[in-house]
1. Compute the distance in nm between two label points, each set 7 Å from the Cα along the Cα-to-Cβ direction, one at B:Leu39 and one at B:Glu15.
2. So if a site counts as exposed when it's one of the chymotrypsin sites (Phe, Trp or Tyr not before Pro), its DSSP state isn't H, G, I, E or B, and it has at most 14 other Cβ atoms within 10 Å, what's the longest stretch of chain B without one?
3. Relative to the Cα centre, what is the charge dipole magnitude of chain B, using +1 at the beta carbon of each Lys and Arg, -1 at the beta carbon of each Asp and Glu, and rounding to the nearest 20 debye?
4. Inside 10 Å of the C-beta atoms of A:67-76, what's the mean count of C-beta atoms belonging to other chains?
5. How large is the dipole of segment B:1-150 about the Cα centre if only Lys and Arg carry +1 and Asp and Glu carry -1, each at its Cβ, rounded to the nearest 20 debye?
6. Most mobile of B:Leu307, B:Leu159, B:Leu277 per a Gaussian network model of chain B (Cα springs, under 10 Å)?
7. Starting from 0 in steps of 5 Å, tell me what percent of the Cα-Cα pairs of segment B:83-196 lands in each bin.
8. Set Lys and Arg Cβ to +1 and Asp and Glu Cβ to -1, take the dipole of chain B about its Cα centre, and tell me which of B:Thr132, B:Gly248, B:Ala113 lies farthest positive.
Amino acid sequence: MTDLPQDKGVLLLFSSVTGAQRCRQRLEEQGMESLLVKLDRHIAGTSCDYCLRISAADSYKALETVKTFPHRPRSVYSDEETPQKIKWK
Amino acid sequence: MIYLDNAATSFPKPEGVWSACGETLRRWGGNPGRSGHLLAMRASEEIFRTRSLLASLFHTQPEQIIFTANATHALNLAIKGLLHPGDHVVISPMEHNSVMRPLTAAQVRWTAADYVFEDDEATVRSFERAITPETKAIVCTHASNVLGCIFPVEKLEDLCREKGILFLCDASQSAGILPISGGRGHSAWCMPGHKGLLGPQGTGVLILGEALSPRTWIEGGSGTNSTEFLPPEEWPERFEAGTPNTPGIAGLGAGVHYVLKHGESIRKNEKILLEKLHRCLRAIAGVHVYGSPCNSVCTVSFNVTGLFCGEVASRLDEQGFACARVCIVPPPPTAITEHWKRAPCE
């Protein structure tokens, strides 16, 4: 269950860089691309988190897929000027 | 110089290893996992690439690969993180000081099982007989650094699973040389990066079984959850406090890549070298060769009648051969370890 806006990409937040890299690796295995970024300036209070940036085209499928992963994102934000926290599970 | 000390560290390394170390130092020397700038992110990618290659080689998951400074560091993490003072373990009779000293420091009691040459079943039975209701783990080398003999670690791991105890393996002489499936259940595998994995010195690996939850004994910056005073729960960051050896890990990645690509031919070549070495040394009058080329990694121990092992090693050194003088008594042999790259005709 998600309130993801249809035209927006998503930022998946992980507490560790390896967690983000593992998630990216698993998404790649399923044909989805993502970009590992550290977006300190975008989201207050997450200066130590790493994000996977996923395009709007893949965002819904990616959110459905990561629910099955052992290392899930800590939280999910919409990828826009002022990112909004998204309910995703 | 003919380098015959590969049980201590492999040399020379494949070209890709030193070029990867150099590239990291020259081009993307950021601190991985600490910042979001390009060089830090690039360094993180190098670390993850090596982690993934190791996971592929050892049939485990990348997050179960913990980078350490060497096998000793990995063994200390495992022994001191999983055992408590007063615990009892069963060990092999051929453990290195990298096992014995941490066990002693951790005040762990041990019983040494027997190794029965060329009889794996008898060896396993000896370990089983040494297990008591108080036993918490089997701690065993995969291959002896002195005689080269290979322990039946898969069977010992099965025995541990059956008995509900931990299995800690010192894979210092086998990682990159013998097949290993690490990271299962309550098993931990410890190994150097700079021997059979062909990486640079200053690298090591601990593979933690997914059912383990060792205590940390090194805490510090991890780049994650920095507002908390406790280490993060996530693996591998939980066990990798402090800035990692990024150039070394990049070089290790190149070494593992080489092993993944050429491992089979390395093993075949080493088997030829091992048998030839045994045969040729045994043909020399007055030379005593210990062990057997069967069921062995490429380490050979020998001595010369009437000479102390240090004298043998010194004389060989003068002749341009680099060997190890092994400090065990009795008998104190000289150990030579053949190399992945040497042609059998040498």
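1. The two pseudo-label positions are separated by 2.8 nm.
2. Looking at chain B, B:1-116 is the longest stretch - no exposed chymotrypsin sites (Phe, Trp or Tyr not before Pro) with at most 14 other Cβ atoms within 10 Å.
3. In debye, rounded to 20, chain B gives about 560.
4. 1
5. 780 debye
6. Ranking B:Leu307, B:Leu159, B:Leu277 by mean-square fluctuation puts B:Leu307 first.
7. Answer for segment B:83-196: a P(r) of 2, 12, 24, 26, 22, 10, 3, 0 percent.
8. Positive-most Cα among the choices belongs to B:Gly248.
Read the figures in this text as sums done on the coordinates, not as results from a lab. All values derive from a computational prediction rather than experimental measurement. Quick reminder, even Gly has a Cβ in these numbers, built from the backbone with ideal geometry, and neighbours come from all protein chains shown.
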